[in-house]
Amino acid sequence: MCLAVPGQIKSIEELHGGLLRKAQVSFGGIMKSASLEMLPTADIGDYVLVHVGVAISKVDEEEAKKTFEYLREIGEVGELEDIDEYLPKTE
Amino acid sequence: MKYLKEYRDPVLARKILDEIRRTVTRPWSIMEVCGGQTHSLVKNGIIDVLPSEITMIHGPGCPVCVTPIHLIDAAIDLAMRPNVILCSFGDMLRVPGSNQNLLEAKAQGADVRILYSPLEAVAIAKDNPTKEVVFFAVGFETTAPANALSLVHAKREGITNYSILASHVLVPPAIKAVINDPLSKIDGFLAAGHVCTIMGNGQYYPLASEYKVPIVVTGFEPIDVIQGILMVVKQLELGTHEVENQYSRIVREEGNKEAKAIIEQVFEVSDQVWRGIGEIPSSGYQIQDKFKAYDAVKKFGISVDAPEEKTECISGEIMKGLKKPSQCPHFGKKCTPENPLGAPMVSSEGACAAYYHFSGTSIPN
Ligand code: SF4
């Protein structure tokens, strides 16, 4: 039940004179509605993390990119240094 | 956007695992607090390919598993009343109460509905003005804003036939309780990324420095979990105890301001009973007095005294990391997902269910 899934905002509907913003969010093609009350700045096209019908965070692509750059570099240097010690341990 | 599927890349997963192998020199016990991470660790076979020095201990972070039995019984009792529509998340229906579960109550004619969101329950209340709609609202900090929001919506629309039966648990006091347990030997923690999405990282700094444990805020995809483990191991090997954020694409340092504000508007911190574990001080939320018209406990006069639970289920030992699910004598025999003896066999985030469904699977090459 704690599942929170990232999806992309496709449209936004304003209710109660803008007090309540509701988005249609696409999760790999499956559309579900989500409240945007916790994310006042979220806009169409943004990727948001949705939990039990409420969008709780914007996905930050820059941060994801940084993580991946870091992860891809992992071991590149280490492999050269430790290669003998490290090779037999891999199956 | 890029970087959605990448978090399941098996080649990258192996690379990070190799880095863990290169880094680790001594045995370490690491607890993933959140059941979602337990699920990811077991389902993706990460647990089977970690170096033998690392023992993952599955924490109490499954709200379905720790909802006290007297509240399950209260929910069943409410559901059996002819004028009540009892709604909850799907996982709650199979959790055993003292005599039966909500699914059995439903089979006996109770109006029990599975919802995806508490906000749907408010709509059901609006459509059924002659009925009392009760949402059985369980969850960690992640779910508290949505549950709180449902009360705010109901109040704003003047809906008076809606209430919630709240069972909210909080992560930092649980980490503290686990560390203070004399039997526990945990060296580092993966903190639950989605909880921190709401609350931010601030509550973890005093824990990390007081107890000298590294805490890494971690996501849920295979790459997230493996990287979180690597970050904890690096700190342990260096002897540091910092709070780090592996899940920075989602978790902001300060959390979600709007979500925190709505929690503060509706709830207040209270002592809370955790099923299998007992009462943990200041580890839950109760509904503030100004929303008491929406508090099912007050509305229906439900007793909140938790009776002593008699059970063969050893979920407490499992959630404190003292035993693995497979060490429970009932695992897979008397206790299966079809006939669960305890809550951790019910929820997909429960450690017992994760082991039952996925043990033996591994990361594809
Ligand atoms: S296997 Fe069943 S009885 Fe044993 S601890 Fe898990 S839920 Fe409880």
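The values are calculated or read from the model by the stated rules, or taken from the named source; none is laboratory data. Source: prediction; values computed, not measured. Note that we place each Cβ from the backbone using ideal geometry, even for glycine, and neighbour counts take in every protein chain shown. Keep in mind that these areas ignore ligands, DNA and RNA; they rest on the heavy atoms of the full protein, side chains included. Shrake-Rupley method; radii C 1.70, N 1.55, O 1.52, S 1.80 Å.
Could you work out the Kirkwood radius for region B:1-159, taking every pair of different alpha carbons, averaging 1/r and inverting it, reported in Å?
Values: mean 1/r = 0.0534 Å⁻¹.
Across region B:1-159, the inverse of the average 1/r is 18.7 Å.
Estimated at 0.36 nm per residue, the fully extended path between B:Asp48 and B:Asn83 surpasses their Cα-Cα distance by 7.6 nm.
For chain B, the cysteines with no partner cysteine C-beta closer than 4.7 Å are B:Cys34, B:Cys87, B:Cys196, B:Cys313, B:Cys328, B:Cys335, B:Cys352.
As a check on your grasp of the helix formula, calculate [θ] at 222 nm for chain B: sum -39500 (n - 2.57) over DSSP H runs of n ≥ 4, divide by the residue count, round to the nearest 500. Walk me through the intermediate numbers first.
On the way: 16 runs with 140 residues, N = 365.
Calculated at 222 nm, the ellipticity per residue is -10500 deg cm²/dmol.
Using the 1.4 Å probe convention, the accessible area of region B:241-311 works out to 53 Å² per residue with neighbouring protein chains retained. Computed across chain B, the Kirkwood hydrodynamic radius from all distinct Cα-Cα pairs reaches 21.0 Å. For region B:268-365, a Kirkwood hydrodynamic radius built from all Cα pairs, placed in the Stokes-Einstein relation at 37 °C and 0.692 mPa s, yields a translational diffusion coefficient of 207 µm²/s.
For the cross-link pairs B:Lys299/B:Lys334; B:Lys43/B:Lys292; B:Lys43/B:Lys176, the ones whose C-alpha atoms lie over 30 Å apart are B:Lys299/B:Lys334; B:Lys43/B:Lys292.
For the residues of B:132-144, the average number of beta carbons from a partner chain within 10 Å of their own beta carbon is 2.
Relative to the longest principal axis of the Cα atoms of chain B, the long axis of helix B:144-156 makes an angle of roughly 30 degrees.
The ellipsoid that matches the Cα gyration tensor of region B:206-304 has semi-axes, each √(5λ) in whole angstrom, of 35, 17, 13, with the longest given first. For the protein assembly as shown, taking the reciprocal of the average inverse distance between every pair of different Cα atoms yields a Kirkwood hydrodynamic radius of 22.6 Å. Averaged over the residues of B:78-86, the number of partner chain Cβ atoms lying within 10 Å of the residue Cβ comes to 0. So what's the gap between the Cα centers of region B:258-300 and region A:1-35, to the nearest angstrom? Centre-to-centre distance over Cα atoms comes out at 27 Å.
The calculated FRET efficiency for the pair B:Asn99 and B:Glu317, based on their C-beta separation and a Förster distance of 22 Å, comes to about 0.35. Can you give me the Cα centroid spacing of region B:184-217 and region B:52-121 in angstrom? Region B:184-217 and region B:52-121 have Cα centres separated by 28 Å. Sorted largest first, the principal axis extents computed over the alpha-carbon atoms of region B:40-85 equal 55, 18, 9 Å. Rounded to the nearest 10 degrees, the angle from helix B:10-23 to the longest Cα principal axis of chain B is 60 degrees. Cross-link partners of B:Lys212 among aspartates and glutamates, defined as those whose alpha carbon lies under 18 angstrom from its own and excluding same-chain residues fewer than eight positions apart: B:Glu32, B:Asp181, B:Asp187, B:Glu237, B:Glu242, B:Glu244. With respect to chain B, whose longest principal axis is taken over its alpha-carbon atoms, helix B:171-180 is tilted by about 60°.
With both bridge residues required to lie in the protein assembly as shown, what share of the DSSP beta bridges run antiparallel, to the nearest 5%? Don't skip to the end; give the middle numbers.
Values: 31 of 65 bridges.
Taking every DSSP beta bridge within the protein assembly as shown, about 50 percent pair in antiparallel fashion.
Across peptide A:32-38, the average count of Cβ atoms from other chains found within 10 Å of a residue's Cβ is 5. Annotation for B:Val304 and B:Ser326: the two label points, set 7 Å from Cα along the Cα-Cβ direction, are 4.2 nm apart.
Take B:170-177, B:190-197, B:16-23 and order them by the average number of nearby Cβ atoms within 10 Å per residue, most first; the result is B:190-197, B:170-177, B:16-23. Computed over region B:176-242, the quotient of the alpha carbon radius of gyration and 2.2 N^0.38 Å is 1.09.
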